[in-house]
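Contents: one structure, followed by commentary.
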Amino acid sequence: MKGGDILIECLKAQGVRCIFGMPGTQNIKIYDSLLRRGTGIEHFLVRHEYSATHMADGFARSTGEIGVALTVPGPGASNASTGILEAFTDCVPVLLITGQSDSKFYTKHPSKMFHGLDQMQFFKPITKYCAIPKTVEEVPVVVENAFRAMRSGRPGPAVLEFPMDIITGAGNVTVPPRVYPTPVPPPDDADIKFAAKTLNRAKMPILFVGAALIHADAREELRQLAEKLNAPVIVTRCAKGALHEDHPLALRNSNGYLARQGMQIADCTLAIGPRFTSIDTRDWSFEPSRPLIQIDADDTEIGREYPCDVNVVGDLKLTLQSLLEEVEVGSGHWNKPLHRLREKFTAQPPMPLLPEIRGVLPNDAILSVDVHSIGYASFAEYPIYQPHKFLYPCIGIALGYAFPAAIGAKIAHPDKSVVCFSGDGGFMMGAGELATAMMYGINVVTIVVNDNALTAIKGSQRQSCNGRTIDTDLLNPDFVEFARSFGAYAVRVNNPADFKSVLQDVLAMNTPALIEVPMEDKQEELISTIGWMQPQPLLRE
């Protein structure tokens, strides 16, 4: 087989079912192999490579599978690199494949190459694996290695570069079977007993959960452990949905009012797989209640950001199962404080639009949220009931993520409602992908909050620069006419009271659609609701 055919057969063997990308000179033979050998793999043409990896990310986050993007090298890959960075920081399995000129030109300086870029040096710091096969026989080797890296341990992205002569060359190879995650050893019994003993001494323990628990398929064990201990659960951004967010012990995101107040009351912290990122800890200003028990499948994370008093290393599902057998039934010390916190939290005025979106969308719908003033609050104030239903660029925080990610999620789940919730600034960064949505009939509904500003940055400038602002006001198109020019359905909601019924009607149309919500006159109100700009956990009076 030719190298390109081998690549496609390897992707099929790994269960790849769609690719997002754009053909060009150095990947044209990969595309030819995809056309001839790619039965079972759908391809979706993007209008900008920035969107290719974000679509792959949305596909991956909403399924737990690996999302795949295909671009030319150099500018195509560098355009796509934002999505690789986002996947790296949020631990999402995204594979970027690029072509390249013939191997014989690798001795030349990259700056002299067509689409020149030393991609291995460029991507190495933000991938779990990146490689270039030197022979046709190495094509299945690098593909297998990439999928093993993405599926083992904490997920993450990979990049593979294929020289033209490798893709067009021929060889006899065996296509490797599907790669499965490398098993994680079970925890040490003595460590489990010590951790359980520490928990049993605490009157008001709190559970701090990271996305590793979701990757380990340990959500049911988490629920059982929280209920046995009668201990509330807070989650990192990436772990939203680890516990049903209407559960009486769910305090939601670690930066929200409920979680931060709960952490001040707790007398012990059980950290289950969090990475303690800057966003989740407010630049590491958060101090966990002691003693801190940290459990993780990755021993390099133990004590990395915070010294821990007790640690357990091992498979998280097995660890929680073992803890369940050892811990004692918790007391009722949390009952009154939790009731008091929830009363105060639910008494605050609602955020704009979020209650209506939650009230309309079914429980299995997917919401893809961009970086904007109302979107920030969605971590604490838009409840979800299972993982993979809430998409957000949690750590890298790439503006413009939500719309292409929503397209990727809708492709993965054509039978589910998928809504993009974006600000005007973020939507414009990927708005050209309306062409992709229309071309393939991808029925994403997009809500654009149009306040004619980069509102959060405008408020931040005023707060930190003595009221001065620069270039945070926007000149926007008529979003309704813009969407209609692509053939999408579009409507403007001037009266907020009409928003819920409009959203219901638009979802029922089952067509690519845009709902514009003008809010330029509410800039001050929106700025006042942005939690990260407040000195204390946001609780609107």
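The values are calculated or read from the model by the stated rules, or taken from the named source; none is laboratory data. All figures in this text were calculated on a predicted structure; none of them were measured in a lab. Please note: Cβ atoms are built from the backbone with ideal geometry, for glycine as well, and neighbour counts cover all protein chains shown. Ligands, DNA and RNA are stripped out before the accessible areas are found, and what is left, the full protein with its side chains, is counted by its heavy atoms. Shrake-Rupley method; radii C 1.70, N 1.55, O 1.52, S 1.80 Å.
Some observations on this one:
- With a threshold of 31 Å on the Cα-Cα distance, the over-threshold entries among Lys193/Lys336; Lys317/Lys344; Lys197/Lys344; Lys193/Lys344 are Lys317/Lys344; Lys197/Lys344; Lys193/Lys344.
- Lys228/Ser111 FRET efficiency (R0 51 Å; Cβ-Cβ; nearest 0.05): 0.25
- Modelled FRET efficiency - R0 51 Å, Lys104 with Asp471, Cβ distances, 0.05 increments: 0.60
- Building the convex hull from the alpha-carbon atoms of region 394-467 and averaging its projection over directions returns 5.8 nm².
- Region 84-243 shape via C-alpha gyration tensor axes, a/c threshold 1.5: prolate
- Our estimate of slack between Arg201 and Glu343, defined as 0.36 nm per intervening residue step minus the Cα-Cα distance, is 48.2 nm.
- Just so you know, the Rg over Rh for region 379-421 is 0.95, from Cα atoms, with Rh as the Kirkwood radius.
- Region 226-284-region 416-469 distance, computed between alpha-carbon centres (Å): 28 Å
- Percent carbon-and-sulfur accessible area, the chain, ignoring ligands, DNA and RNA, probe 1.4 Å: 52 percent
- Computed [θ] at 222 nm, deg cm²/dmol, the chain (DSSP H ≥ 4; -39,500 (n - 2.57); rounded to nearest 500): -11000 deg cm²/dmol
- Contour minus Cα-Cα distance for Ile302 and Ser528 (0.36 nm per residue): 77.6 nm
- Whole-angstrom Cα spans of region 298-395 along principal axes, big to small: 43, 34, 27
- The residues of region 396-541 have, on average, 42 Å² of accessible surface per residue, using a 1.4 Å probe with all protein chains present.
- Based on protein heavy atoms only, region 136-250 ends up with 39 Å² per residue of surface accessible to a 1.4 Å probe.
- Charged-residue dipole, Cβ positions (Lys, Arg, Asp, Glu), region 422-480 about Cα centre, Debye nearest 20: 240 debye
- Globularity index of the chain is 1.00 (Cα radius of gyration / 2.2 N^0.38 Å, N = number of residues).
- Cα coordinate range in region 217-292, projected on the principal axes (Å, largest first): 30, 25, 21
- Sequence-distant lysines (8 or more away, or on other chains) whose Cα lies within less than 17 Å of Lys458: Lys522
- Normalised by residue number, the volume inside the convex hull of the Cα atoms of region 1-158 is 100 Å³ per residue.
- Multiplying the residue separation of Met438 and Asp283 by 0.36 nm and removing their Cα-Cα distance gives an extension gain of 51.7 nm.
- About its Cα centre, region 243-354 has a charge dipole of approximately 680 debye under the convention of +1 per Lys or Arg Cβ and -1 per Asp or Glu Cβ, with nothing else charged.
- Compared with the rule-of-thumb size 2.2 N^0.38 Å for a compact globular protein, region 376-510 has a Cα radius of gyration ratio of 1.12.
- Only lysines eight or more places from Lys108 in sequence, or on another chain, were considered; those with a Cα closer than 24 Å are Lys29, Lys124, Lys134.
- Unit charges on C-beta of K, R, D, E only; dipole of the chain, Debye: 260 debye
- Bins of 5 Å from zero: percent of alpha-carbon pairs in region 18-109: 3, 15, 24, 23, 17, 11, 5, 1, 0
- Ranking Gly21, Tyr106, Gln121 by how far each Cα lies toward the positive end of the dipole of region 1-142 (charges on Cβ) leaves Tyr106 at the top.
- Take the Cα of Arg484, step 7 Å toward its Cβ, do the same at His247, and the gap between the two points is 4.7 nm.
- Proximity of backbone amide H atoms, modeled 1.01 Å from N, is registered between Gln100 and Phe162, Met164 at under 5 Å, excluding neighbours fewer than 5 places apart on the same chain.
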